[in-house]
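Here's the structure, in structure tokens; my notes come after.
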Amino acid sequence: MYEFLTGPMLILTFVIFFIGIIWRTIWYFRGLSWQLDRVAYKPHLSYGIKGALRSVIFWLLPFGTRSWRFYPGTTLLVFAFHIGLLFTPVFLKAHNIILNERFGISLPTLPEGLADALTLMVIISAFFLLLRRIAYPQHRIITTAYDYLLLLIAAAPFITGFMAFHQVLNYQFWLIAHIISGEVFLVAIPLTKLSHFIGFFLSRIQLGMDYGIKRGGMKGKGMAW
Amino acid sequence: MPEGKLCNRTPVNTEEQLHALLADKSGKQYYEEMNHLNVDTKALWATIQKTLKSRLKTWLEICAHCGMCADSCFFYLANKKDPKQVPSYKIQSTLGELVRRKGQVDNAFMQKVMDVAWGKCTCCNRCGMYCPFGIDMGVMFSYLRGLCHSQGFIPWELKIGAGMHRIYRAQMDITTEDWVDTCEWMAEEYEDDWPGLTIPVDVAGADIMYTVNAREPKHYPEDLAEAAILFHVAGENWTVPSEGWEETSLAMFAGDWEACKLQVESVYDAMKRLQAKRMVVTECGHAYRATVIEGPYWAGLPNGQTPIPSFHYVEWVAEALKSGKLKIDPAKKIKEPVTYQDSCNYIRNAGLKDAARTIMSYIAEDFREMSPCKEHNFCCGGGGGMNGLGRYRKERNNGLKVKRDQILATGSNLVVAPCHNCWDAIRDLEEVYRVGIRWSFLKPLLISMIEVPEHLKPKEE
Ligand code: SF4
Ligand code: SF4
């Protein structure tokens, strides 16, 4: 089981993940239309790039935009959640050992204590993101079952990983559950709206170009996000 | 059920159709007919498939339902944080649903969509600045309005408005003759006070081609005279075109893209015909947005630019003040606290905030910013055509509360509002809420403040 999940299954997961992301990116850019979107992307590319960079960079910084500052609590949760989500699996020691065994590559790794803390950070922030959806009417009204499912898909590898690491009850069980949920997560990224993994950048680049080219970027100093 | 006589999928192209609609007071029969209008679901879905591309599809798909757009919308705030006013909810329950159902929707659904697209959104684009993914509900509602329009589900006034553009190339029934007459009349009327004042029509090769909002010749002709006076004092070599003088676009508010194209092309033709160095448009936000920002795309100009460089009135004023073409008498500057209404259409959506600040620094001693301001400012409450829609008057008046409170918080009783829509909304908010504020375009303020060179003053006899 373990061999299969970390062998052929892992390869398949990575194939779907990477091809999915690449396909989404190509599909997105090919679907842009200067006339329908009303943005002259090509003739003013340099303004577009400037606008796109502003649009991405300010939004990548915690509290970098007025909106992030307006919702400090949400901002903390969102950044805590995503930082843990992205960094922990990539730089985890155990993952890199497997990577090295299977593919002969590995990255620098996080000290175990830090990785453990990051994992906990993901779980806790996921819990509060869940509460936030339930507690506030303005979030409840737009929340669907799908949103809960996706939150579960994203948090599951961390919950199971945490259990496995601390060997709660049955290590083997948590380990297998962890691998399966991790693979589900990776596959879900290109196939569900977790595709905002790449969609965030695509959409921000587009709107940034819109502001950079058409909505004032060529006359003003650029949008003050 | 068939299409109605007034409410149908055919846009207004003749005066006869137009008069029939106008005769139907407040659109009573029109809205009654709308209850029976069927939805051509096949055509609707075909249009969606053709025009809903990756940008909008991605927006609809990846919305995380995080609700960070909620407080960005003034309707949400004005309606005591009613969750039904969250921008994401508004678009997901209309356009989102329409797409999920592949266009298979009925009359009741389309009427609901219309009521949201025009009654709960002014297309101010503010939410797009607050969404982490840059999902711009204003853009999507504008797109949705186009879908509604193609199916005949649009507010009565906007069917008329778009028809006006189709017939007269203006949002009101003003013929070329009416327009040229008004120019002559205004020049004559003010000539005694301003010797040598003219409103030159169709002069080729001028420095500035000036264009207006049809309301000016129709209801506020003195605005045209004021523009002439300021150009005169500034020593500008300017002209107005006899045709292609109208920059506004109720067609844009209606989602009638074909009429939008016809309208802006009339202005672009004038630009090409007269070959002025540049174009300046009056103090109107959506006129600038329509003709300068969006227009080139309707007309299919691949570089997204108007045929000659185009400027909003605030840009011209800022430049005239900086260059000294217009000089302000320091004694006549505005002394009382005064605030400035940033129009969504040329501030958020065209980046002209600095021009506005430059002007205020010249004319006001106690300028107070609203909070928030500049590109983050709230819609006046009357954008997107909402000022003129009887069906949504209640919603509009309620939405005005946000602007009212923003103005009051500055402690100023005077609002400079260089945008027809904002100007109207602020006038109406005073009428509805009686808070004791005044509002003004720039032109009359400037005329009361400028130093007039001796040789331009009337000779004493
Ligand atoms: S802020 Fe953006 S992602 Fe969040 S609910 Fe609103 S539209 Fe959706
Ligand atoms: S465009 Fe403006 S009015 Fe419309 S939903 Fe967004 S914030 Fe609200």
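The values are calculated or read from the model by the stated rules, or taken from the named source; none is laboratory data. Fair warning: this is a prediction, and the values are worked out from it, not measured in the lab. Cβ sites come from the backbone with ideal geometry, for glycine too, and all protein chains shown count toward neighbours. To get the accessible areas, we keep the full protein, side chains included, count just its heavy atoms, and leave off ligands, DNA and RNA. Shrake-Rupley method; radii C 1.70, N 1.55, O 1.52, S 1.80 Å.
Things worth noting here:
- Checked against the criterion of being modelled with pLDDT of 95 or more and within 13 Å of ligand 2 (Cβ to nearest atom), the candidates B:Val86, B:Val105 yield just one match: B:Val86.
- Total residues in the range B:62-84, condition within 12 Å of ligand 1 (Cβ to nearest atom) and either assigned to a loop (DSSP other than H, G, I, E, B) or open to solvent by 10 Å² or more (accessible area, probe 1.4 Å) (or both): 10
- Residue tally, condition over 21 Å from B:Thr282 (Cβ atoms) and in contact (Cβ under 8 Å) with a residue 24 or more places away in the chain, over the range B:397-441: 21
- Leading residue by the ranking (nearest to B:Cys63 (Cα to Cα)) among those in the range B:86-104 that are open to solvent by 10 Å² or more (accessible area, probe 1.4 Å) and either touching a residue at least 12 places away in the same chain (Cβ under 8 Å) or in contact with a strand residue (DSSP E or B) (Cβ under 8 Å, 6 or more places away or on another chain) (or both): B:Gln92
- Those residues of the range B:89-137 which are at positive phi and within 13 Å of ligand 1 (Cβ to nearest atom), in sequence order: B:Asn125, B:Gly134
- Condition check for A:Ile159: open to solvent by 20 Å² or more (accessible area, probe 1.4 Å) and aliphatic (A, V, I, L, M): yes
- Pairs meeting the criteria (first residue in the range A:207-225 and within 7 Å of another protein chain (Cβ to nearest Cβ) and of a type in the set (Ser, Thr, Tyr), second residue open to solvent by less than 20 Å² (accessible area, probe 1.4 Å) and part of a helix (DSSP H, G or I), beta carbons under 6 Å, at least 6 apart or on different chains) are lacking.
- Which listed residue is in the same structural domain as B:Gly205 (by TED's automatic domain parsing), touching a strand residue (DSSP E or B) at 6+ places or on another chain (Cβ under 9 Å) and of a type outside the set (Asp, Glu), from B:Tyr340, B:Tyr313: B:Tyr313
- Unmet criterion (only one of (1) within 13 Å of ligand 2 (Cβ to nearest atom); (2) surrounded by fewer than 24 Cβ atoms within 10 Å (Cβ to Cβ)) for B:Cys123: (2)
- The range A:79-90, subset under 21 Å from A:Leu186 (Cβ atoms) and within 12 Å of chain B (Cβ to nearest Cβ), residue least open to solvent (accessible area, probe 1.4 Å): A:Phe81
- Against the list (1) assigned to a loop (DSSP other than H, G, I, E, B); (2) touching a residue at least 60 places away in the same chain (Cβ under 8 Å); (3) within 13 Å of ligand 2 (Cβ to nearest atom); (4) within 11 Å of chain A (Cβ to nearest Cβ), the condition B:Phe133 fails is (3).
- Meets criteria (open to solvent by less than 60 Å² (accessible area, probe 1.4 Å), among the polar types (S, T, N, Q) and touching a helix residue (DSSP H, G or I) at 6+ places or on another chain (Cβ under 8 Å)) for A:Ser125: yes
- Set A:Phe70, A:Phe17, A:Phe63: member being out of contact with any Gly (no Cβ under 7 Å at 6 or more places or on another chain), open to solvent by less than 70 Å² (accessible area, probe 1.4 Å) and farther than 30 Å from B:Trp257 by Cα: A:Phe17
- Checklist (1) closer than 17 Å to B:Phe75 by Cα; (2) surrounded by fewer than 22 Cβ atoms within 10 Å (Cβ to Cβ); (3) in contact with a Lys or Arg (Cβ under 9 Å, 6 or more places away or on another chain) applied to B:Asn387, failing item: (2)
- Of all residues making up the range B:26-78, the number that are within 16 Å of ligand 2 (Cβ to nearest atom) and away from every other protein chain (no Cβ under 14 Å): 2
So that you can scan it fast, the table gives a plain yes or no per residue for (1) within 14 Å of chain B (Cβ to nearest Cβ); (2) touching a helix residue (DSSP H, G or I) at 6+ places or on another chain (Cβ under 7 Å); (3) closer than 24 Å to B:Glu61 by Cβ:
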| position | (1), (2), (3) |
| --- | --- |
| A:Ile22 | no, no, yes |
| A:Ala40 | yes, yes, no |
| A:Ile49 | no, no, no |
| A:Trp59 | yes, yes, yes |
| A:Arg66 | yes, yes, no |
| A:Ala94 | no, no, no |
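- The residues of the range B:266-325 that are open to solvent by 10 Å² or more (accessible area, probe 1.4 Å), without any contact (Cβ under 8 Å) to a residue 40 or more places away in the chain, assigned to a helix (DSSP H, G or I) and within 14 Å of another protein chain (Cβ to nearest Cβ) amount to a single one, B:Glu319.
- Once the range B:25-61 is narrowed to residues that are under 26 Å from A:Ala145 (Cβ atoms) and within 16 Å of ligand 1 (Cβ to nearest atom), the residue that is most open to solvent (accessible area, probe 1.4 Å) is B:Lys57.
- Members of the range B:253-265 that are open to solvent by less than 20 Å² (accessible area, probe 1.4 Å) and not in a loop (DSSP other than H, G, I, E, B): B:Phe253, B:Ala254, B:Ala259, B:Cys260, B:Gln263, B:Val264
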